[in-house]
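Written below as structure tokens is the structure these notes are about.
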Amino acid sequence: MRYLTVALAKGRLAELAMDIFSSIGMDCEQMKEKTRKLIFTDEKNKMKFILVKASDVPTYVEHGAADIGIVGKDTLLEEGRNLYEMVDLGFGKCRMCVCGPTALKGRLDKIKELKVASKYTGIASRYFRDEKGQTVDMIKLHGSVELAPLVGLSDVIVDIVETGKTLKENGLDVLETVCDLSARLVVNKVSMKMERDRIMNIVDKFQRICKEVEK
Ligand code: PRP
């Protein structure tokens with residue numbers, strides 16, 4: 001039997017996913033120790049778990065370096081990769097929003113050449129172009145996006161809002177909601193053909209657990 005490899009988005013999603021893998025009988029103990037190791041093996045179940053940067057999870061899965069991935073819908077929408085999205089895990093819930101100063105609420109379409117800063121320029125461009133029919137000036141950032149409107153780099157940002165704390169502490173507001181987000185389980189297309197039974201067994205168990213948690 002070959003190893004099945006699971007790519008986990010480093011951080012909170014990986015921790016929650018590990019809890020589920022543990023509860024379905026996988027050995028994730030090594031991973032829970034806070035080390036800098038990036039690859040862990042469960043010999044008994046012939047599983048490998050790799051910790052990767054969230055935005056790289058779809059890449060590992062699409063190329064088949066991982067059979068399964070656990071990643072946020074934001075990353076999937078932004079990366080637009082060719083893979084199967086199998087389960088909405090129901091955790092990591094948050095929203096993709098257009099945010100900025102409260103004074104801009106309801107006025108975005110009136111601003112010519114609206115300057116938009118985001119880590120998610122794909123999602124943001126599609127939203128303004130396809131849903132709003134508005135031409136905008138897109139600025140790519142890699143983090144601390146809330147700074148952009150505060151220092152005049154942009155008028156607004158498109159970013160993830162979970163509790164709203166970051167916006168509040170920086171005097172910004174949600175102006176529009178782009179979409180709801182949560183963690184997803186994704187599968188490589190070839191792996192699904194070659195290892196269908198083992199993968200579907202994991203998918204079914206995840207589905208069952210996630211439904212129970214939602215109840
Ligand atoms: C995300 C997002 C916001 C924050 C929202 O940042 O970009 O900054 O979380 O969460 P809140 O509504 O609960 O305050 P992340 O921690 O992923 O870091 P980043 O600066 O790299 O985007």
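So Ser22 fits all but one of (1) without any contact (Cβ under 8 Å) to a residue 24 or more places away in the chain; (2) more than 21 Å from Lys211 (Cβ to Cβ); (3) touching a Cys at 6+ places or on another chain (Cβ under 7 Å); what number is the exception?
(2) is the only condition that Ser22 fails.
Every residue, every condition in (1) charged (D, E, K, R); (2) within 15 Å of the ligand (Cβ to nearest atom), yes or no:
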| residue | (1), (2) |
| --- | --- |
| Lys140 | yes, yes |
| Val156 | no, yes |
| Leu167 | no, yes |
| Arg196 | yes, no |
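Inspect segment 150-166 for any residue being modelled with pLDDT of 95 or more and within 30 Å of Lys193 (Cβ to Cβ) and give the result as yes or no.
no
Under 8 Å between Cβ atoms, at least 6 apart or on separate chains: pull out the pairs that start in segment 95-115 with a residue that is over 22 Å from Thr163 (Cα atoms) and end on any residue that is among the hydroxyl-bearing types (Ser, Thr, Tyr).
As it stands, the answer is Glu113/Thr135; Lys115/Ser154, since those pairs meet every condition given.
Which one of Lys110, Lys140, Lys105, Lys73 is more than 30 Å from Arg196 (Cβ to Cβ) and under 24 Å from the mean Cα position of the chain (by Cα)?
So the residue among Lys110, Lys140, Lys105, Lys73 that is more than 30 Å from Arg196 (Cβ to Cβ) and under 24 Å from the mean Cα position of the chain (by Cα) is Lys140.
Could you figure out which of (1) closer than 28 Å to Ala7 by Cβ; (2) within 15 Å of the ligand (Cβ to nearest atom); (3) of a type in the set (A, V, I, L, M, F, W, C) isn't true of Ala148?
The number of the failed condition is (1).
Taking helices (runs of 4 or more DSSP H) that do not extend beyond segment 32-133, which have at least 1 residues that are surrounded by fewer than 20 Cβ atoms within 10 Å (Cβ to Cβ) and in contact with a helix residue (DSSP H, G or I) (Cβ under 7 Å, 6 or more places away or on another chain)?
Hits in segment 32-133: 73-79, 121-126.
The values are calculated or read from the model by the stated rules, or taken from the named source; none is laboratory data. These figures come from a predicted structure and were not determined experimentally. Here Cβ is always computed from backbone atoms with ideal geometry, including for glycine, and neighbour counts include all displayed protein chains.
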